[in-house]
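Report on the structure given below.
Rule-based calculations on the coordinates, nothing more; no lab input. Quick caveat: nothing in here was measured; it's all calculated off a predicted structure. Here the Cβ positions follow ideal geometry from the backbone for every residue, glycine too, while neighbour counts run over all protein chains shown.
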Amino acid sequence: QVQLVESGGGLVQAGGSLRLSCAASGSILKINDMGWYRQGPGKQRELVARITNVGSTRYADSVKGRFTISRDNAKNTVYLQMDSLKPEDTAVYYCNAQIVKIATRNEYSYWGQGTQVTVSS
């Protein structure tokens, strides 16, 4: 069994910062790409940022220069540092990881439960 557990969401004023964390646990052989997605009210889920297992990153245009994704491979954890937050960043943020399981040696896509980020104006 594999689990992704997120933490770090909350309420912040515009211009403020938050740091999200997502830790993977279970029967993990290897973690390839990890990423963060978000779903705002009445919107579809969208990519925020992704990072490969060697540290290459990709960001949505709307967060470039404000958000930073990083990971600690020893802890199976991915982070999202969010600075200069705007009200339009309000959403539920979901962690995603492409995980190779020990038992099958196959890669599966896993999602966290989501954490609410609310930015007030």
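For the list (1) farther than 12 Å from W36 by Cα; (2) among the charged types (D, E, K, R); (3) within 15 Å of the chain's Cα centre (by Cα), I need the number of the one condition that R71 fails.
(1)
Could you give every pair whose Cβ atoms fall below 7 Å, whose first residue belongs to region 107-121 and is surrounded by 11 or more Cβ atoms within 10 Å (Cβ to Cβ), and whose second residue is hydrophobic (A, V, I, L, M, F, W, C) and part of a loop (DSSP other than H, G, I, E, B), counting only separations of at least 6 or pairs across chains?
Partner pairs satisfying both residue conditions: V119/A14; V119/L85; S120/A14.
Do you know which residues across region 5-57 are outside any strand (DSSP E or B), of a type in the set (G, A, S) and either touching a helix residue (DSSP H, G or I) at 6+ places or on another chain (Cβ under 7 Å) or in contact (Cβ under 8 Å) with a residue 60 or more places away in the chain (or both)?
Of everything in region 5-57, those that are outside any strand (DSSP E or B), of a type in the set (G, A, S) and either touching a helix residue (DSSP H, G or I) at 6+ places or on another chain (Cβ under 7 Å) or in contact (Cβ under 8 Å) with a residue 60 or more places away in the chain (or both) turn out to be G8, G9, A14, G15, G16, S17, S27.
Residues that are among the hydrophobic types (A, V, I, L, M, F, W, C) and over 13 Å from A23 (Cα atoms): list the strands (runs of 3 or more DSSP E) wholly contained in region 64-121 that include at least 3 such residues.
Where strands (runs of 3 or more DSSP E) fall fully within region 64-121 and carry at least 3 residues being among the hydrophobic types (A, V, I, L, M, F, W, C) and over 13 Å from A23 (Cα atoms), they are 91-101.
May I ask you to verify whether A91 is under 13 Å from the mean Cα position of the chain (by Cα) and farther than 26 Å from Q13 by Cα?
no
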